[in-house]
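*Asks:* Input: one structure, supplied below.
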Amino acid sequence: MPNQNGSVYGLTILSPIINDERATPSHDLQIRNYLATVPTGEGSPFALAPGTHLARLVVMDDVIYVGSPSIEEHLHSKYLVFESNCDGDLDSYLLGLATAVPQHLDAIWSHCVGYPGAANPQAFAAYMKACQIETTFYFAAVNDKSVPETLRALQTQRAVSDFIARHQGMNAALLQAEFAQFATRLKSEPLPASGSMGPLRGLKTGGRNE
């Protein structure tokens, strides 16, 4: 089904940016300036929204003319492009966004035509769906697993890789004992926070924690 890949929803939204020659700086530049200050990783506002696998925001100035035999076309306005892969149904995700990070949503989308604000989550969700286009391509790493399942898998993968690197050449009997202790610790580890699984961040396996 379009937009849906198993339990994962692919969301693509194009919101027209206000074109007001009196605005200084222009609305598209204000969006760019704000996006430049938004943290990524665990500090990202979209990491606070339940069910977000990934989120990407970009200002699209125009479409690119690739040459003949295509027809040269241009957009009537600049657009804010929002792409997200998320768990569950679309309404729940959008309402969760409006509840979790309304100040960030307003700071970004208030520069778009017809934006109602996030104070009314239902109006916000309706606006976003009105700007939605069909998603047919997904980020491959999601793999139809929920955010908690994906975080646990990444945690396990990185912890096992770290364990292997630290125990090269160890005596087999001692290695088996060390691995049993490692497996027990791994099972008791809390689920990583959304956005926290950056490079080399994993379970401490007896040495330093990356």
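The values are calculated or read from the model by the stated rules, or taken from the named source; none is laboratory data. Remember, predicted model here, so these are calculated numbers, not experimental data. Note that each Cβ is placed from the backbone with ideal geometry, even for glycine, and that neighbours are counted across all protein chains shown.
*Asks:* The conditions are (1) touching a Pro at 6+ places or on another chain (Cβ under 9 Å); (2) more than 13 Å from Leu48 (Cα to Cα), and Asp91 fails exactly one of them. Which is it?
*Replies:* In the conditions (1) touching a Pro at 6+ places or on another chain (Cβ under 9 Å); (2) more than 13 Å from Leu48 (Cα to Cα), Asp91 misses (1) alone.
*Asks:* From the residues in segment 1-50 that are of a type in the set (Gly, Ala, Ser) and free of Cβ contacts under 8 Å to residues at least 40 places away in the same chain, which one is nearest to Asp91 (Cα to Cα)? So that I can check it myself, show each step before the final result.
*Replies:* Start the filter on segment 1-50 by keeping residues that are of a type in the set (Gly, Ala, Ser), which leaves 6-7, 10, 15, 23, 26, 36, 41, 43-44, 47, 49.
Subset that is free of Cβ contacts under 8 Å to residues at least 40 places away in the same chain: 23, 26, 36.
Values: Ala23: 33, Ser26: 31, Ala36: 28 Å.
So the residue we want is Ala36.
*Asks:* Right, next: Yes or no: Ser196 surrounded by 14 or more Cβ atoms within 10 Å (Cβ to Cβ), farther than 21 Å from Tyr9 by Cα and either modelled with pLDDT under 70 or hydroxyl-bearing (Ser, Thr, Tyr) (or both)?
*Replies:* In short, yes.
*Asks:* Just checking, how many residues over segment 4-55 are among the polar types (S, T, N, Q) and either closer than 12 Å to Asp87 by Cα or surrounded by fewer than 15 Cβ atoms within 10 Å (Cβ to Cβ) (or both)? If you could, list the steps in order and put the result at the bottom.
*Replies:* Going residue by residue through segment 4-55, those that are among the polar types (S, T, N, Q) are 4-5, 7, 12, 15, 19, 24, 26, 30, 33, 37, 40, 44, 52.
Cutting the leftovers down to either closer than 12 Å to Asp87 by Cα or surrounded by fewer than 15 Cβ atoms within 10 Å (Cβ to Cβ) (or both) gives us 4-5, 7, 19, 24, 33, 37, 40, 52.
Residues that pass the stated criteria total 9.
*Asks:* In segment 24-36, is there at least one residue being more than 21 Å from Pro116 (Cβ to Cβ), among the aromatic types (Phe, Trp, Tyr) and not in a loop (DSSP other than H, G, I, E, B)?
*Replies:* Checking segment 24-36: not a single residue is more than 21 Å from Pro116 (Cβ to Cβ), among the aromatic types (Phe, Trp, Tyr) and not in a loop (DSSP other than H, G, I, E, B).
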